[in-house]
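A short write-up of the structure that comes next.
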There are 2 protein chains.
Amino acid sequence: MATEADADDAETPDTYEQFRAHVEQLTYVGDAAGVLQWDQEVMMPDEGTPARSKQSAALSTLSHDLLTDDDVAEWLDELEGSDLDPEREAVVREIRRQHDRAAKVPSDLVQRISEATSNALPVWKEAKAEDDFEIYADTLEELVQLKREYAEAIDPDRDPYAVLFEEYEPYLGLDTAEAALEDLRDTLVPLIDDIKDSDVTLADPFAGGSYDEASQEDLVRSALDYLGYDWDRGRLDTAPHPFSTGTQFDARVTTRFDPEDPLGALSSTIHEFGHATYTLGLPDEHYGTPLGESRDLSVHESQSRLWENHVGRSRPFWEGFAPTVEDHLATSATPREYYEAANTVHPDNCIRVEADELTYHMHIVLRFEIERDLIHGDLDVSEVPQVWNDKMEEYLGVRPETDAEGCLQDIHWSHGSFGYFPTYSLGSVLAAQLFAAAEDDIGDLDGQLRDGEFDDLHEWLTDNVHSHGARYETDDLIEEATGEPFTADYFLEYAESKYRDLYDCYSNN
Amino acid sequence: MATEADADDAETPDTYEQFRAHVEQLTYVGDAAGVLQWDQEVMMPDEGTPARSKQSAALSTLSHDLLTDDDVAEWLDELEGSDLDPEREAVVREIRRQHDRAAKVPSDLVQRISEATSNALPVWKEAKAEDDFEIYADTLEELVQLKREYAEAIDPDRDPYAVLFEEYEPYLGLDTAEAALEDLRDTLVPLIDDIKDSDVTLADPFAGGSYDEASQEDLVRSALDYLGYDWDRGRLDTAPHPFSTGTQFDARVTTRFDPEDPLGALSSTIHEFGHATYTLGLPDEHYGTPLGESRDLSVHESQSRLWENHVGRSRPFWEGFAPTVEDHLATSATPREYYEAANTVHPDNCIRVEADELTYHMHIVLRFEIERDLIHGDLDVSEVPQVWNDKMEEYLGVRPETDAEGCLQDIHWSHGSFGYFPTYSLGSVLAAQLFAAAEDDIGDLDGQLRDGEFDDLHEWLTDNVHSHGARYETDDLIEEATGEPFTADYFLEYAESKYRDLYDCYSNN
């Protein structure tokens, strides 16, 4: 006999089903926008931009409307008051966070930010081309102000930089991130210093050579085969700025080729393969809700960095993969020499996207400190070039000769992305922690990498990371996967051991 | 001083602006769906379908919701009661028609049709593979019933087939279409008969050769260059079923290659080029409303057929283009011989998509007569195979040996498309009428085609057809462009003269 309580219980699934169907629409529209974006970067003819901008903006508006719909607020309220299983609870938690952030920002502010970032791009490009920060200063000031306003709309009582950071990494916490970045700075600055003092010169079997695009493309396709990329659910194309995008049914990789730097194409391709592999490991049956979506930027970056660095820049990988390189590029060297070439440190490089595995993080720490201080009002926009160059000197011992090679080099701030940079380094830190846990569980992972066997690693990552989608908050996911909280220890140990060995600089400490 | 009347007048632009912004969103979402469709046919990896179906369905739902929104009904009512300039009036007219059709069909019927067509596809494929119409009969019956219901929902007082036909060609009128198709049948059946009796065998410089895909691709790219395709606003790819899609900023062409039939790839590419050229000629400044969109299927098909047949199958074209073919395919023949190869009639062919310019129309007349009678209830589904084969015998003198080569060959009915087939022939008819008018206006068009000069023809088509978007109703557009109403006379004259000359069968009449 049905009681009133039964009837109430029975209502919950209905609400949840309605809610889920709505969330699925939101996902599908977002993924459609991703297809348009991929097409724009990879396939679209030059003059397609005006129409594509309108199409993408329309999908963005529809997504925003779906997310901030009054129905969503009502469903969330009702579902939060009911007894849900953990999966549904996770979906409600994720959508609540997205809904609140979107709903709290007034649409006129969204509009102003959208216009300001559109306007900022050509100004930034001109400033960079002219090597004149003055051209860009007012624009940067406006963007900082707008993003402060944005953070205040979301939560006026909290550190605005923390609020912005959560846009990209909602669950690790800014304090944790800041502590990890400080650890990196404190350990890597002296390590890089020792490397600069080292007498060791690493091998470079590619030096002086020129490698045609067709051979390089064959090489990176072979690398994707070798690592286990599923071509039935992906494809490889070229793009000016390599990226990966898609769903668990179709996750695509892009790369680019420089005739003199085949290792650049290889590592960039393996990086994007890592991203795509995460996406392809998400559960099919949850496609449409956060249970079928990846966790945020740090976790995504951990997957790309794990494959790029812990696999693709490892000694055992090169022991297995060297013949493939020689097949395609007709080079000749020992695995050790390829390994050295893949891990050469260039402290005199000023450009983040060209940085090696190690110095990269100093570029990030610098940007993090500057953008945090800008948002806090502790640093004036006019001081940015000076502070940038001072920090470059402090952290890497090199001073950019121009602002184009200094504070004007990145597009991120012009996109309004403040709080994004740290996730790059957090991803590396997490990659090391996850790789160490995988090694522990798998046993002879080095031997497998040497033999070109990646199944156990794929399985470990799928079981412990990919298959959970966004079910766990980031910190919980890390603890579930590795048995301990997020920590920079593994990365620092890895970096110290690998690079002090390569540069024979144990004694300098 | 503002009076009340002034205030009322001032309200109209505001309403129109709101209405236009909404219509633009609708267009942008539709065009986004077009990008997804292109990607699915051309780029998507095999296993991407489940996610893509969801994404496309979500955009389709959003489009439907935008079109049937209550606001749209209110804006339309208000705007129809106000004094609009002719351009705005045209936008209101087009959206009124689309809105009414969409709003009148209950969403559960839309859903049932969507499910029935999804389910129909595998059944049709199986029936075709098994060559067993029985497998498909109930499915076809259901589709006929559903489309009758659909037509009745839109207008219960009119001929349901006319209502369905208007989905694809809203302004020519079924009577006009029917008269044209009867003219085609009455003139072409005896012409084809005479051709069959002719002793003439046309040249085939491609016979027995095999042409690799790379050479064929170079050839069709050269053809697109030759005809003036704007690569900055387009691209060429391969697809199993060639099509063209896009906007005035980005209109893409696809083709396919058969090693033994390079003329097939060439004519198919030129056909799609004609479609893309229409799209590229639409006015940029009206992108987003019907003023920046093409007229319906007959007009679109007229553009593809004009370039495919009146240009690409013409004697003067081959006089200019033969050397390009020889460059790429290493054939050797006179222009006349290439011209003959491009115009060979095959009355014994049973497959529509492989039909020549002439017999093609008998395939269409047959389908039109059968689908019209099915919708009217004058023909039972079980009778379709017999009637199909009888008509094939009557019109072309050939009887399909199997239903797979007969009434199971086309996908259209499984898509729920009844009333679509006639637009193929109406497009050819209109192509001839437009081409005759262009010849009249330009003067020595033959000489230009011989010299590979297409600027005047492009300009004439842009001025008289493309640039108007959907501003004029189809019949008015034709009258504006050609000075007379839609007529099959030009096509019939063209067909009679061209093919009686080729087959030397004037005397048989």
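Here the condition is being open to solvent by 10 Å² or more (accessible area, probe 1.4 Å), out of contact with any strand residue (DSSP E or B) (no Cβ under 6 Å at 6 or more places or on another chain) and in a loop (DSSP other than H, G, I, E, B); of A:Asp378, A:Asp390, A:Asp440, it holds for A:Asp378 alone. For residues that are open to solvent by less than 20 Å² (accessible area, probe 1.4 Å) and free of Cβ contacts under 8 Å to residues at least 40 places away in the same chain, scanning just segment A:299-338, find the one that is nearest to A:Asp194 (Cα to Cα). Taking the candidates together, the pick is A:Trp318. Within the option set A:Asp373, A:Asp441, A:Asp403, being under 30 Å from A:Asp456 (Cβ atoms) and at pLDDT 95 or above holds for one residue only, A:Asp441. Among residues of segment A:459-502 being touching a residue at least 24 places away in the same chain (Cβ under 8 Å) and of a type in the set (Phe, Trp, Tyr), the one that is most open to solvent (accessible area, probe 1.4 Å) is A:Tyr490. The condition of being open to solvent by 40 Å² or more (accessible area, probe 1.4 Å) and either in contact (Cβ under 8 Å) with a residue 60 or more places away in the chain or in a helix (DSSP H, G or I) (or both) holds for only one of A:Ala179, A:Ala151, that being A:Ala179. Of the helices (runs of 4 or more DSSP H) lying entirely inside segment B:46-107, those containing at least 3 residues that are over 28 Å from A:Gly30 (Cα atoms) span B:70-80, B:86-104.
Looking at B:Pro259, is it out of contact with any Pro (no Cβ under 7 Å at 6 or more places or on another chain) and within 21 Å of B:Phe454 (Cα to Cα)? No. Within segment B:41-56, residues that are more than 7 Å from chain A (Cβ to nearest Cβ) have Cβ atoms under 7 Å from residues that are open to solvent by 10 Å² or more (accessible area, probe 1.4 Å) and among the acidic types (Asp, Glu) in these pairs: B:Val42/B:Asp237, counting only partners at least 6 apart in sequence or on another chain.
Residues are listed down the side, and each one gets a yes or a no for (1) over 30 Å from A:Ala21 (Cβ atoms); (2) under 21 Å from the mean Cα position of the chain (by Cα):
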{"position": "A:Gly274", "(1), (2)": "yes, yes"}
{"position": "A:Leu280", "(1), (2)": "no, yes"}
{"position": "A:Val299", "(1), (2)": "no, yes"}
{"position": "A:Ser304", "(1), (2)": "yes, yes"}
{"position": "A:Ala322", "(1), (2)": "yes, no"}
{"position": "A:Asp348", "(1), (2)": "yes, no"}
{"position": "A:Thr359", "(1), (2)": "yes, yes"}
{"position": "A:Phe368", "(1), (2)": "yes, yes"}
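Screening segment B:197-207 for residues that are part of a loop (DSSP other than H, G, I, E, B) and charged (D, E, K, R) and picking the one that is least open to solvent (accessible area, probe 1.4 Å) gives B:Asp204. The residue pairs whose first member lies in segment A:394-421 and is closer than 29 Å to A:Glu149 by Cβ, whose second member is open to solvent by 20 Å² or more (accessible area, probe 1.4 Å) and part of a loop (DSSP other than H, G, I, E, B), and whose beta carbons are closer than 7 Å, counting only pairs six or more residues apart or on different chains, are A:Asp403/A:Asp131; A:Gln409/A:Ile351; A:His412/A:Tyr420; A:Gly419/A:Glu167; A:Gly419/A:Tyr168; A:Tyr420/A:Tyr168.
Among the residues of segment A:19-45, those identified as assigned to a loop (DSSP other than H, G, I, E, B) and either within 21 Å of B:Leu66 (Cα to Cα) or under 27 Å from the mean Cα position of the chain (by Cα) (or both) are A:Met43, A:Met44. Taking A:Thr423 as the residue in question, decide whether it is buried (at least 21 other Cβ atoms within 10 Å of the Cβ), part of a helix (DSSP H, G or I) and β-branched (Val, Ile, Thr). In short, yes. The test for being closer than 30 Å to B:Ala322 by Cβ and open to solvent by 40 Å² or more (accessible area, probe 1.4 Å) does not hold for B:Pro190. Taking the numbered list (1) closer than 21 Å to B:Leu26 by Cβ; (2) more than 14 Å from every other protein chain (Cβ to nearest Cβ); (3) polar (S, T, N, Q); (4) open to solvent by 60 Å² or more (accessible area, probe 1.4 Å) in turn, B:Asn119 passes all entries but (1).
The values are calculated or read from the model by the stated rules, or taken from the named source; none is laboratory data. Just so you know, these numbers come straight off a predicted model, no measurement behind them. Please note: Cβ atoms are built from the backbone with ideal geometry, for glycine as well, and neighbour counts cover all protein chains shown. These accessible areas exclude ligands, DNA and RNA; they are computed on the full protein's heavy atoms, side chains included. Shrake-Rupley method; radii C 1.70, N 1.55, O 1.52, S 1.80 Å.
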